[in-house]
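The values are calculated or read from the model by the stated rules, or taken from the named source; none is laboratory data. It should be emphasised that the depicted structure is a prediction, and the values quoted were computed from it without experimental measurement. As a convention, Cβ positions derive from the backbone with ideal geometry for all residues, glycine included, and neighbour counts pool all protein chains shown. For accessibility, only protein heavy atoms count, side chains too; no ligands or nucleic acids. Shrake-Rupley method; radii C 1.70, N 1.55, O 1.52, S 1.80 Å.
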Amino acid sequence: MNAVFSLTRLRAMLAKEFIQMRRDRVTFAMMLGVPLMLLVLFGFAINTNPKHLPAALVTAHQGPYERAIVAALEATGYYHFTHVGISATEGDALLARGDVSFVVTIPADFDRRVDRGDHPTLLIEADATDPSASSGAVSTLGTVAQEALQHEEGTEAQAAAQKASQVEVVTHLRYNPEGVTQYNIVPGLLGVILQMTMVMMTSMALTRETERGTMENLLAMPASPLEIMLGKVLPFFAVGAVQLTVILVAAKVLFQVPFVGSLWLLLSGVLIFVMALVLLGYTISTLSRTQMQAMQLTFFFFLPSILLSGFMFPFQGMPLWAQDLGEALPLTHFLRLVRAVMLKGAGFTDVRPTLAALIAFVVIFAVLALTRFRRTLD
Amino acid sequence: MTEPAIDVRGLVKRYGDKTVVDDVTITVEKGEIAGFLGPNGSGKTTTIRIMCGLLKPDAGTGRVLGMDLARDALKIKREVGYMTQRFSFYEDLSIAENLDFVAGLYRIAPRRKVVDRTLEELGLASRRNQLAGRLSGGWKQRLALAACTMHQPRLLLLDEPTAGVDPKARREFWDEIHRLAGQGITVLVSTHYMDEAERCHRINYISYGKLIAKGTVAEVVAGAGLTTFLVNGDHGGQMLRVAQDLRAAPGVDQVAPFGTTLHVVGRDGAALEASVRKIAEGAGVRWAPAETSLEDTFIQLMGASRDNMA
């Protein structure tokens, strides 16, 4: 008779947990519904490099130069001129109300200065309340306007306008040349969704038993801490597998995210990540007295994970202390792994450090959970 | 002489500066049905939890079924069946699934056969797929008892098993307890029903964490040294006045109405008799000496131990 581990007892724990999971319809629906909802919301709605932003043109009269500039700007795809030939005050109002993201002002002496060969000025006011939204558009401005004018000067107006619209903007966006946000967001969502559901569900594992009064009975029976822990966390591997499938299929079908790396490498990464997550959830469960507390602790962990892991904001753009905090989160490492494997086709040697970090989390959380587990009701 | 099934000495359990169990020593012989009595919050549940390894005592030693409480907690768990005060099986699992789970944890083989047999014996075979949460109080209690005896424990710890159960179910439950004791299983059962205490071979009375009486029912009643008189009249209103007079009279410790009969109990037999005679004859009601009941004894013990606390 082994006191620490018996397959019969683990089997009993697992059977019970699976039945309870199946009976709890709302939770079960949430485990499948949440990933889909998040995926659709984030995947379609979040766009950190938005195009077709509304713009207004303030100009005294509309000559060939003005038309050339408008055409060139619209050709970048970032600008969509909704108001043309309005006054400066109207432009200010539009910008203040948020009806347009940009106001382009062409001064009255613009044509004369261009013809004289002076340095013409062009004022572009951008609504920078969301810097990430406008930065892409602003970055194209200088070149576009310059080139539009160069082509226009001394040539026939119509031909110039046409040429201007063919202006090529050279940008360096490696791995995601089109700047499609989804390529970055969707693989990241895999990590975020797994983190949210896995940690939240397992954090309830023990507190639910305590709150329903079944813990007393469970502890009075000969189940070891290891068996209870495995019984509680293993069913979530099945849930994780379902979520992974849903997200990968959606990434392919809905968002056309390329998958250039090895599926097996990704699967191993997910497996280790999920292991770390369920053990983290279980650790939270041993720390909390009620399900409410478990929920709060989960969110205490969840928010920094979203903000500091590089999911929402570029990791390298954060101050060093924030990066250090981010390194202490499993999601940070998982995001590196999933983006490297899916988008860059990274191999095992490339992701070895991130895998090692994830394994370290598994060990730490497992030790924490087992030492924190109270074998008595004290 | 064989070793007792329960032999715990000097158990102490504190929560903060509150001593919940204070120097409790209990011995229960093998095959005996031991009653564990006391008012709410007296430390019964805590003591039982210490015995089955769910709580660690702050002081005291003990042997349960010949195994050391501190060292052999896991071995003890396998030999003990513990039925909690509140129904603590899974309400979202069916009856059969609950039994199957318990059978798995105790590694009972052949599992399915034992579960089926238990369901037959319970009379629940036809409702095996019903959720445990849908059962009535009486059935929940029977299911819990069946679940905690399925692994054939040598000791049963029952914590207020009949709370909220109707009289018929209670009687059937006690028949079952006696049947199990007949098979050689030792039973420690906590309760605050007096009629249940009288069904036990021996009783232990605990109050404010202290064990203050133990023995057979007759021993405990005799040990309290109480004298009891019954005062009987015809009208409730009249008896109310008589009761008031009696409560103020010397030698009277308790006056308890039972319909139009009063139980009058006191420690000083002579003073009590003089008071009862005077008041009863003055009011023109009948009076006669009577046997002291277990309930009278416990009320007296509770009052006495509260005095100790103050």
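Overview of values
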quantity	calculated
Loop-located trypsin sites (Lys or Arg not before Pro) in segment A:22-112, at most 13 other Cβ atoms within 10 Å (DSSP)	A:LYS51
Residue mean of other protein chain beta carbons inside 10 Å, A:6-18	4
Where a label projected 7 Å from the Cα of B:THR2 along Cα→Cβ would reach, residues of segment B:194-211 with amide N under 11 Å	none
32 Å Cα-Cα threshold exceeded, pairs from B:LYS75/B:LYS113; A:LYS51/A:LYS252; B:LYS75/B:LYS168; B:LYS44/B:LYS75	B:LYS75/B:LYS168
Overall form of segment B:17-69 per C-alpha gyration tensor (a/c, 1.5; a/b vs b/c)	oblate
Max mean-square fluctuation residue, GNM over chain B, Cα-Cα springs under 10 Å, options B:ALA181, B:ALA34, B:ALA280	B:ALA280
Rounded to 10°, Cα long-axis angle of helix B:137-149 versus longest principal axis of chain B	60
Förster radius 60 Å - calculated FRET efficiency between A:ASP115 and B:ARG86, Cβ distance, rounded to 0.05	0.05
Those lysines that a straight Cα-Cα span of less than 16 Å connects to B:LYS278, excepting residues fewer than 8 apart in one chain	none
Highest-MSF residue in chain B out of B:GLN130, B:GLN85, B:GLN238 [GNM, Cα springs under 10 Å]	B:GLN238
Restraint check, B:LYS56/B:LYS140; A:LYS16/B:LYS56; B:LYS18/B:LYS56, Cα-Cα greater than 22 Å	B:LYS56/B:LYS140; A:LYS16/B:LYS56
Whole-Å distance, taken between Cα centres, linking segment A:1-40 and segment A:66-91	57
Inter-label distance, nm, simple model (7 Å from Cα along the C-beta direction), A:PHE302/A:LEU7	3.8
Between helix B:269-283 and chain B: long-axis angle, C-alpha atoms, 0 to 90°, nearest 10	60
Whole-number percent relative contact order across segment B:6-221, with pairs defined as alpha carbons under 8 Å at least 6 apart	31
Segment A:180-289: chymotrypsin sites (Phe, Trp or Tyr not before Pro) falling in loop per DSSP and having at most 16 other Cβ within 10 Å	A:PHE259
Among B:113-123, A:212-222, the order from most to least packed when residues are scored by Cβ within 10 Å on average	A:212-222, B:113-123
Sulfur and carbon atoms: percent of accessible area, segment B:1-131 [1.4 Å]	46
Protein-protein interface of segment A:346-378, residues with accessible area decrease of at least 40 Å², isolated chain reference, 1.4 Å probe	A:ARG375, A:THR376, A:LEU377, A:ASP378
Chain B: angle of helix B:167-182 to the longest principal axis, Cα-based, in degrees nearest 10	60
Buried accessible area, chains A and B (both chains, 1.4 Å probe, Å² to nearest 100)	3000
Cα gyration tensor category, rounded, prolate or oblate, for segment B:227-291 with a/c compared to 1.5	prolate
